[in-house]
1. Quick check on region 436-497: take the gyration tensor over C-alpha atoms, sort the square-rooted eigenvalues as a ≥ b ≥ c, and tell me if it's rounded (a/c under 1.5), prolate or oblate.
2. Check Gly478: other-chain or 5+ apart residues with amide H under 5 Å from its amide H, H built from backbone geometry?
3. How large is the helix-only mean residue ellipticity at 222 nm for the chain, computed as the sum of -39500 (n - 2.57) over DSSP H runs with n ≥ 4, divided by its residue count, in deg cm²/dmol to the nearest 500?
4. When ranked by the protection proxy of mean other Cβ atoms within 10 Å per residue, highest first, what sequence do the peptides 431-437, 415-421 form?
5. Convert each backbone phi in region 317-324 into a coupling constant with the Karplus relation 6.51 cos²θ - 1.76 cosθ + 1.60 (shift: θ = phi - 60°), then list the ³J(HN,Hα) values in order as whole Hz, x for Gly and Pro.
6. What does the charge count around Glu56 come to, taking other residues whose C-beta lies under 12 Å from its C-beta (Lys +1, Arg +1, Asp -1, Glu -1)?
7. Size of the dipole of region 281-395 about the Cα centre, Lys and Arg at +1 and Asp and Glu at -1 on the beta carbon, nothing else charged, in debye to 20?
8. To the nearest 10 square angstrom, how much accessible area does His126 have with a 1.4 angstrom probe?
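The values are calculated or read from the model by the stated rules, or taken from the named source; none is laboratory data. Fair warning: this is a prediction, and the values are worked out from it, not measured in the lab. Note that we place each Cβ from the backbone using ideal geometry, even for glycine, and neighbour counts take in every protein chain shown. These accessible areas exclude ligands, DNA and RNA; they are computed on the full protein's heavy atoms, side chains included. Shrake-Rupley method; radii C 1.70, N 1.55, O 1.52, S 1.80 Å.
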Amino acid sequence: MYASLRNTVSYRQKRMRRYPALLQYLLFWATTQLFYFTTRKAGFVTDFTGLLSRFEGQTAAGIWDCFGFPALQQVLNAILYTWHSVFGIQPVPWYLLQSSLHALNALLLLQLGKALSERLNLPNAHLIGWIAAFLFLLSPYASEPVTWRVAQNFLLSTAVILGTARLTLDWMDTPNRRQWIQIQGLFILGLFTFELVLIIPLLSSLLLLMLPNGSGSKWRRLSLPQFGGVGLYFLLNRLILGSWVGHYGAEVHLRFEMQSILGNGLRYAAKHLLFVRNWPHAAKQWLFEGLAQPAVALGLGGIIVALLAAGLIFRHRLNSRWQLSVIAFTGFGLALLPVLNLYFNYTLHLENDRYGYLPSAFLMLAIAAGLSALPRWGRLPLLLAYLGCSSFFLWQHNQYWWKSTQVYQQMLNDFDYYEAPAAYLLNLPDNFQGAPMFRDYSGEDLAFRDALKYIKQQPYNGQLYEVAQYNMTRLTDGATATVDSSGTIRVEFNQWGNWWWRRGVGMGPGYDTEGYEVDSKGHHYFFLLKAPAPGAVFLIQEGLEWKEVE
């Protein structure tokens, strides 16, 4: 009888724990919808059309070689292929999937922050979790991975990493086989989702060696097999892909330059702590370029690394709040490791913000630890001011996505030149304030062609030339084309604040092909056609429409 009563009480306690988690998730989910609903039709651009080109003519068997993509991402490709097979390019299911994953990550951060604080005996553990979760949820730099439909890898890998960290804390309390299998199973699935998951052994080592209930024996039981799994993962890359590292390749991922790594670490910290990417261009350029200077990167970066190392070594002499801060800042650094040697972009908005998505979770936890130490009269105004700035910039970024989608869809819908044997696009929008639209890194003029084929689903069979692209900043942006007596076309912006692009970067002085020549003068360029094609159309974009150049 007593055993039955204890079982009943235990069942009710577990059920009560589930309900708050569900309500917390629904709160995060509803908040996400409030800020992201305008982006529900956005994100089907650039790399997404490349993904659909890889899917074309393939069956589910293509999952095993990731449809030709040079990475071991079978789990990710299984999700993407299944979702596309069921829903096609209907925007709402894709939007709900990614916005729901973002809400899940906020919930996992809440639980991780609370669990860490409890194990360090902090008095306001729940508050720390809530602050970290909302700062993360409303970060303006989450807009790119939540909205771009090929950025699920960042959302999924973040869920795996935060989830395994949370399970690791429970396993540390009462080590058991079931939780061990859950942790390692998630880790293995994560390895074949995205390479960010490679930090899990380092993160579990941090928790097992830093927290009071961790130990060397527990590290050997949990983390050591994970390091073995990392070694097998690299070996599989070598055997299957011919390189130790997939995706961008070993020459990119294994390039370690201390100045660049420390400088980029400082840049990411400044960007997320102070919203530097949203500063006026001159101000953010001054700060970001200053942090990359050798004296600053090696000096200040080296001091921060030394302080974190000292905190880890002398952790027992720190109070609980400082221990949490050291764990959070070290987690931030570990989460940055896979991306520190990649290009840090700050000129426009949004682009490459996905690289900081996972690290920002740990940085927000560090901020929460600091804010929780303040009295309520000081903590609340600072928190509200910070959330106010974050919410405003997030709304601004999502407006860029919304406007870019208007341009993207209208440019596709307004293209009605299917009878022409060739079409020359003289000013194709590359992005809108950093939100990608028609970008082509291949140099094969595929951006607009693939969008017509896979998004509009009305392929163009003629020859299409993307002569020049540019960064759009307003819905009214465009250019004017005039033709002189020699047949040379002068293409000039109607406004200031733009520049000419090609293959995802600035065009520079121009370029030359077998069929035509482009001579860029900055605000305008000259286009000389070497071999005119009979019946070809020359199109100029103005606002939301194409205009034919006579």
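1. On the way: a/c = 2.23, a/b = 1.37, b/c = 1.62.
Oblate.
2. Residues meeting the criterion, in which the H sits 1.01 Å from N, are Asn494, Gln495, Gly543.
3. About -18500 deg cm²/dmol.
4. Details: 431-437: 24.6, 415-421: 13.7.
The peptides rank, most packed first, as 431-437, 415-421.
5. Karplus-based 3J(HN,Hα) across region 317-324 equals 8, 8, 6, 4, 5, 5, 4, 5 Hz.
6. Details: positive: Arg54, Lys453; negative: Asp450.
Taking every Cβ under 12 Å from that of Glu56, the sum is +1.
7. Values: 7 positive and 3 negative charges, 104 e Å.
It works out to roughly 500 debye.
8. The accessible area comes out at roughly 80 Å².
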